[in-house]
Amino acid sequence: MNPTHPAHQSTHLDDLLAQRHSCRQFRPDPVPRATIERMLALAQRSASWCNAQPWQVTVTSGQATERLRQLLLDHAGAPAAPDFPWPRAYQGVYQQRRRECGLALYDSVGIARGDRAASARQAMENFRLFGAPHVALITTDEALGLYGAVDCGAYVANFLLAATSLGVATIAQAALAARGPLVRTHFGLPDSRRLVCGISFGFADAEHPANRFRTIRAPLADAVQWAD
């Protein structure tokens, strides 16, 4: 097949989408700086409204990651303070999918249904950053509101795929967004920035049971309506 043929290119994208998953346990090995810069350069090509490119990214390594990890663990019990409101409710099929994802994770790590202590310990892994050696904090300009956040969502998706293409595992974490003011203060970010999410990344611990389950996707018929 001609490597420039659209079908060949589609196969590459299909492979990346199939490989990408939310990594929930990382090895401690740092990712080479050149690889991180390549990931960032690829994600920088993301589309945005009026080409505003509202994302700003703070990337941690080494002791900076450890300080952030400790900060999050120290404030794990604090009330959530997200810069963007949480969903008002998960209802119907959205609640069903959310529940299925959680149960699949718990099953993979051997947490029995109803074991609140074990599920709480697993939830703390979010603030431990699943052992990742790096975090990318994604912020947008406050004045751009929802649309800046939407643009950042496109950036996050491309960051995850760029990382996958280079053999780097990722997980986008709303848990970090729950500590928006705390994170801004810690990194000296201006009040005009709004934290969309954090992305923990590194090399996956392939042997960890939390990395052995995969979520499923709804069929197209559940998501697409045709208007001819």
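Any read-out appearing in this document is the output of simple, stated calculations on the displayed coordinates, not a laboratory observation. This is a predicted model, so every value here is computed, not measured. Ideal geometry is used to build each Cβ from the backbone, glycine not excepted, and the neighbour counts take in all protein chains shown.
Here's the yes/no breakdown for (1) surrounded by fewer than 17 Cβ atoms within 10 Å (Cβ to Cβ); (2) of a type outside the set (Val, Ile, Thr); (3) touching a residue at least 40 places away in the same chain (Cβ under 8 Å):
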{"residue": "114", "(1), (2), (3)": "yes, yes, no"}
{"residue": "117", "(1), (2), (3)": "yes, yes, no"}
{"residue": "129", "(1), (2), (3)": "no, yes, yes"}
{"residue": "156", "(1), (2), (3)": "no, no, yes"}
{"residue": "161", "(1), (2), (3)": "no, yes, yes"}
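Here is a yes/no grid of residues against (1) among the hydroxyl-bearing types (Ser, Thr, Tyr); (2) within 17 Å of the chain's Cα centre (by Cα); (3) more than 24 Å from residue 55 (Cα to Cα):
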site: 93; (1), (2), (3): no, no, yes
site: 96; (1), (2), (3): no, no, yes
site: 110; (1), (2), (3): no, no, yes
site: 120; (1), (2), (3): no, no, yes
site: 125; (1), (2), (3): no, yes, yes
site: 136; (1), (2), (3): no, yes, no
site: 141; (1), (2), (3): no, no, no
For the range 131-145, give me each residue that is in contact (Cβ under 8 Å) with a residue 24 or more places away in the chain and not polar (S, T, N, Q). 131, 132, 133, 134, 135, 136, 137, 138, 141, 142, 143, 144
For residue 88, which of the numbered conditions (1) surrounded by 11 or more Cβ atoms within 10 Å (Cβ to Cβ); (2) over 21 Å from residue 171 (Cα atoms) fails to hold? (1)
So, in the range 64-85, of the ones that are more than 18 Å from the chain's Cα centre (by Cα) and of a type in the set (Asp, Glu), which residue ends up surrounded by the most Cβ atoms within 10 Å (Cβ to Cβ)? 66
Residue that is surrounded by the fewest Cβ atoms within 10 Å (Cβ to Cβ), among those in the range 185-209 that are in a helix (DSSP H, G or I) and touching a residue at least 24 places away in the same chain (Cβ under 8 Å): 209
Any residue in the range 67-91 that is farther than 13 Å from residue 182 by Cα sitting within a Cβ distance under 9 Å of a residue that is part of a loop (DSSP other than H, G, I, E, B)? List the pairs, counting only those 6 or more apart or interchain. 86/80; 86/178
For the subset of the range 35-63 comprising residues that are assigned to a loop (DSSP other than H, G, I, E, B) and aliphatic (A, V, I, L, M), which member is nearest to the chain's Cα centre (by Cα)? 47
For residue 136: the one exception among (1) touching a helix residue (DSSP H, G or I) at 6+ places or on another chain (Cβ under 6 Å); (2) among the small types (Gly, Ala, Ser); (3) assigned to a strand (DSSP E or B): (1)
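Determine whether the range 90-110 contains at least one residue that is among the charged types (D, E, K, R) and not in a helix (DSSP H, G or I). Quick ask: steps written out before the conclusion?
Initial filter on the range 90-110 (among the charged types (D, E, K, R)): 97-100, 107.
Narrowing further to those that are not in a helix (DSSP H, G or I): none.
Taking every residue of the range 90-110 in turn, none turns out to be among the charged types (D, E, K, R) and not in a helix (DSSP H, G or I).
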Going through (1) touching a Lys or Arg at 6+ places or on another chain (Cβ under 6 Å); (2) within 21 Å of residue 137 (Cα to Cα) one by one, residue 74 fails only at (1)
In the range 170-184, the residues that are farther than 23 Å from residue 30 by Cβ and in a strand (DSSP E or B): 179
